[in-house]
Amino acid sequence: MTEVQLIGLLKARRYALQMSQLALDDRCGFTNGQIAKYESGQRIPQLFHLLCWIEALGLSLSLSSASSDTSGGRRRRTRYNTKEINRHGQIAA
């Protein structure tokens with residue numbers, strides 16, 4: 001997923017919640033107009049701000065292994081292939 005696609009999903013979620021950009025700024029603790037700048041592509045959010053934004057919309061972010069296979073055709077199984085990241089950037093086991 002590209003950053004443009006991710007921000008599009010966050011914007012769609014804000015619309016679904018019928019939340020204004022200013023209300024979301026307030027909920028995230030951002031200065032007025034910050035969400036507008038992110039949604040319009042004028043600024044790219046840092047990870048911490050992105051996590052605050054995601055949480056303020058009632059969402060969570062999860063990561064999984066990349067689909068690229070560098071093991072010569074054999075996929076390596078790992079017990080922890082999906083991780084949760086909290087708003088402080090910490091990975092939960």
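Quick notes on this one:
- Rounded to the nearest Hz, the phi-derived 3J(HN,Hα) couplings of the stretch 51-67 under the Karplus curve 6.51 cos²θ - 1.76 cosθ + 1.60 (θ = phi - 60°) are 5, 4, 4, 4, 5, 5, 8, x, 10, 9, 10, 10, 10, 9, 4, 5, 7, where x marks glycine and proline.
- The figure for Ser62 is an accessible area of roughly 70 square angstrom, using a 1.4 Å probe on the protein chains alone.
- Put a dot 7 Å past the Cα of Ala23, heading toward its Cβ, do the same for Ser40, and the two dots end up 2.1 nm apart.
- Simple spin-label estimate for Ala12 and Ser60 gives 2.1 nm between the two label positions (7 Å along the Cα-to-Cβ direction from each Cα).
The values are calculated or read from the model by the stated rules, or taken from the named source; none is laboratory data. Quick caveat, the model's predicted, so the values are computed rather than measured. Note: ideal-geometry Cβ built from the backbone for every residue, glycine included; neighbour counts use all protein chains shown. Just so you know, the surface numbers come from the protein's heavy atoms only, side chains and all, with ligands and any DNA or RNA stripped out. Shrake-Rupley method; radii C 1.70, N 1.55, O 1.52, S 1.80 Å.
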